[in-house]
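Undergrad: Sharing a structure with you now.
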């Protein structure tokens, strides 16, 4: 007998997303470096704006996000009419998949790409196509070779998660210029602010009608608990995405906090500078201990061990020291641990624990 409540094709092929671990059994205090959160929290101005918004909890929020879009546009020098806001950048990515892919279509992702991309493809009945990377780096030539008449979307994160590696602007341009017009190139810039001087792909959006850039307030702005993101594209694309968006998808509290956060450029700059300082220090210390680690352009580093067992053993030592990092076997990197960059104290604790594991402390 067949189930009359059969879900749409592709949904049961989805592997459920697993977030970074937040607790260690038997420990009340944990140093959580597993979810790439901003160790410095959020801007005081964002917190104050959120609390002020509580006065109007009985009111429906505005539906066009105009003040927030205007603030994003002013800070990033973008046209507010070409910005869409969502419940995290994940929702904007979902809009893109819903609008431009479906059954019979293909969606290209890369070998170590963000695990939400194939989930989004399956959710709309499309087929995810995984393209190999070269030494944990996205390869433009391999992506272009994988494009077919059925390809509708190419998802890449730049800087990439969980590797921290990054395509330079020339390679991004080559990718955008090499794609057919019917393929949407999605540049997921969740970590773009940590790469000093990088516009996240905004200039490519202006140059190519089929490029969309997404960003988030969850990382450098420290608003992961509020779930706010945005996208930037040609006005025609934004018009399509807004037809899918629920009118009240963001609350006044979310929008008020996000507007204050994006306008607090001094806080953003301090977070970027401190992250760069301790990210580089953390990587250097790991390499000196014999732990391989690529240069990262995000707010984490990817520590590589000899094999999966060594990574598992190191993770256990870190947990014994009250430190949570992210195992990334699900990303095809079983011998690696992704470590969020914290402040000086957090980074030194990590290095001390790994040094103990390696026998050099």
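Quick grid of which residues meet (1) in a loop (DSSP other than H, G, I, E, B); (2) at pLDDT 95 or above; (3) under 29 Å from residue 336 (Cβ atoms):
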| residue | (1), (2), (3) |
| --- | --- |
| 24 | yes, no, yes |
| 29 | yes, no, yes |
| 37 | yes, yes, yes |
| 46 | no, yes, no |
| 52 | no, yes, no |
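Undergrad: Would you check which residues across region 304-319 are over 22 Å from residue 23 (Cβ atoms) and under 25 Å from the mean Cα position of the chain (by Cα) and list them? Show your work before the answer.
TA: Narrowing region 304-319 to residues over 22 Å from residue 23 (Cβ atoms): 304-310.
Residues satisfying the conditions are 304, 305, 308.
Undergrad: Continuing with this model, one more query. Just name the residue that is nearest to the chain's Cα centre (by Cα) out of those in region 209-226 that are over 17 Å from residue 264 (Cβ atoms) and crowded, with 20+ Cβ neighbours inside 10 Å.
TA: Only one residue tops the list, namely 214.
Undergrad: Out of (1) under 24 Å from residue 135 (Cα atoms); (2) surrounded by fewer than 24 Cβ atoms within 10 Å (Cβ to Cβ); (3) in contact with a helix residue (DSSP H, G or I) (Cβ under 6 Å, 6 or more places away or on another chain), the odd one out for residue 204 is which?
TA: Unmet for residue 204, out of (1) under 24 Å from residue 135 (Cα atoms); (2) surrounded by fewer than 24 Cβ atoms within 10 Å (Cβ to Cβ); (3) in contact with a helix residue (DSSP H, G or I) (Cβ under 6 Å, 6 or more places away or on another chain): (1).
Undergrad: Looking at (1) modelled with pLDDT under 95; (2) assigned to a loop (DSSP other than H, G, I, E, B); (3) outside the structural domain of residue 63 (by TED's automatic domain parsing), find the lone condition where residue 296 falls short.
TA: The single condition residue 296 does not satisfy is (1).
Undergrad: Would you check if residue 231 is in the same structural domain as residue 69 (by TED's automatic domain parsing), under 18 Å from the mean Cα position of the chain (by Cα), outside any loop (DSSP other than H, G, I, E, B) and modelled with pLDDT of 95 or more?
TA: Working: in the same structural domain as residue 69 (by TED's automatic domain parsing): yes; under 18 Å from the mean Cα position of the chain (by Cα): yes; outside any loop (DSSP other than H, G, I, E, B): yes; modelled with pLDDT of 95 or more: yes.
Yes, satisfied.
Undergrad: Determine, yes or no, whether residue 75 is in contact with a helix residue (DSSP H, G or I) (Cβ under 6 Å, 6 or more places away or on another chain), surrounded by fewer than 21 Cβ atoms within 10 Å (Cβ to Cβ), at pLDDT 95 or above and within 14 Å of residue 217 (Cβ to Cβ).
TA: yes
Undergrad: Residue under question is residue 279, and the condition is that it be more than 21 Å from residue 181 (Cβ to Cβ), modelled with pLDDT of 95 or more and either surrounded by fewer than 23 Cβ atoms within 10 Å (Cβ to Cβ) or touching a strand residue (DSSP E or B) at 6+ places or on another chain (Cβ under 7 Å) (or both); does it hold?
TA: Numbers: more than 21 Å from residue 181 (Cβ to Cβ): yes; modelled with pLDDT of 95 or more: yes; either surrounded by fewer than 23 Cβ atoms within 10 Å (Cβ to Cβ) or touching a strand residue (DSSP E or B) at 6+ places or on another chain (Cβ under 7 Å) (or both): yes.
Here the answer is yes, as residue 279 does meet what is asked.
The values are calculated or read from the model by the stated rules, or taken from the named source; none is laboratory data. Owing to the predicted nature of the structure, the values given are computational and were not obtained by experimental measurement. FYI the Cβ positions are ideal-geometry reconstructions off the backbone, even for glycines, and counts take in every protein chain you see.
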